[in-house]
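The values are calculated or read from the model by the stated rules, or taken from the named source; none is laboratory data. From a predicted model like this one, the values you see are computed outputs, not experimental measurements. Backbone-built Cβ (ideal geometry, glycine too); neighbour counts: all protein chains shown. Heads up: the accessible areas ignore ligands, DNA and RNA and are worked out on the full protein's heavy atoms, side chains in. Shrake-Rupley method; radii C 1.70, N 1.55, O 1.52, S 1.80 Å.
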Amino acid sequence: MRPTRIARWLSSAIAVAALAAAGSAAAQKTQLTVYTALETDQLKAYTEGFNKVYPDIEITWVRDSTGIITAKILAEKAAPKADVIMGVAATSMAIFANDGMLLGYAPPGTDRIPAQYKDSQNPPRWVGMDVWGATICFNTVEAAKRNIPKPETWQDLTKPVYKGQIVMPHPASSGTGFFDVTAWLQLYGEANGWKYMDGLHQNIAQYMHSGSKPCASAAAGEYVVGISFEYRANKEKARGAPVELVFPKEGLGWDLEAIGIVKTTTKLDAAKKLVDWSISDAAMALYAANFAIVAVPSLSKPLPNVPADYASRLVKNDFAWAAKNRDKILAEWSKRYESKAAPK
């Protein structure tokens, strides 16, 4: 061969080898299927944070609202497709654990997580990541136009002035909606809790199939009041929406975003690495940018628009009771209020 041809041949050979090596490296990555209810705009940061530590593991996210992803996981119980469940409500994780679907595993640092933020079994079948709680998104501009006062309590929302101006999450679709309902039942007692929701229902315009959408709708001026949670409320306010965050005085419903390993996974080593990372300082720092309370309390940080005493405003929440009675609660709720559910 002439020198120029040799050079070209070598260049081509090197390029082919590089492509082959890249393809081989990609092929060697462990593919981890993770079912989640995390917000879509959180997934990128969490993925990047995990891959900084474990670049050889590629996460395939399967995402939906809490109620929908919970139903999907239970429907697949006989032949699970997920390796890990991450960012799903502890009330749902308790159901999966009780059904024998989750593997007990104590990642390094589990002892930093208080008992109320992890499964009671040792080793725990799930561990908490962060707390998310009820927040009302109140559109101040639309309220002024319609002469509607800012609510201070949950009971305020039953007043006639709010008729047709309130949207909230559907509890069968949304973890936020479910913890609202269970909080009212625990806060007021079951009989008075349903009585409260009967009154609230008179003023509800629509039950939406997402914990975020009611706040987004209020922020857009479609409604004055959107019952939602603090992460979405802060996001809407930060982008300039005319919303004020309201934390009703009686107390706030809440749940934990948690993580657990599906017992049938064939990618156990990679699954454990994701759980290890999920309770690391680096992961907690990412959660703390979104939520006022993280599962390692010493790593929590103040958030704009969230009161300093936020933790003390959370209602006493019995996860075991909520998990055990989930089907019964949702059936009763649907019988009473399904008529105002948004189309799916």
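So here's what we get for this one:
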item: DSSP beta bridges in the chain [antiparallel fraction, %, rounded to 5]; result: 60 percent
item: Amide proton proximity set for Asp130, modelled H, under 5 Å, gap of 5+; result: Glu257, Ala295
item: Fraction of accessible area attributable to carbon and sulfur, region 51-90 (%, probe 1.4 Å); result: 55 percent
item: Rg in Å to one decimal, and Dmax rounded to a whole Å, for the chain via C-alpha atoms; result: 23.1, 92
item: Positive-end residue, the chain charge dipole about Cα centroid, Cβ charges, pick of Gly193, Val84, Ala172; result: Val84
item: Per residue solvent-accessible surface (Å²) - region 63-138, probe of 1.4 Å; result: 35 Å²
item: Per residue, in Å², the accessible surface of region 298-344 once ligands and nucleic acids are set aside, probe 1.4 Å; result: 66 Å²
item: Partners for Lys235 among lysines (Cα-Cα distance below 24 Å; same-chain residues under 8 apart left out); result: Lys44, Lys145, Lys150, Lys213, Lys249, Lys301
item: For the chain: relative contact order, % (alpha-carbon pairs under 8 angstrom, 6 or more apart); result: 24 percent
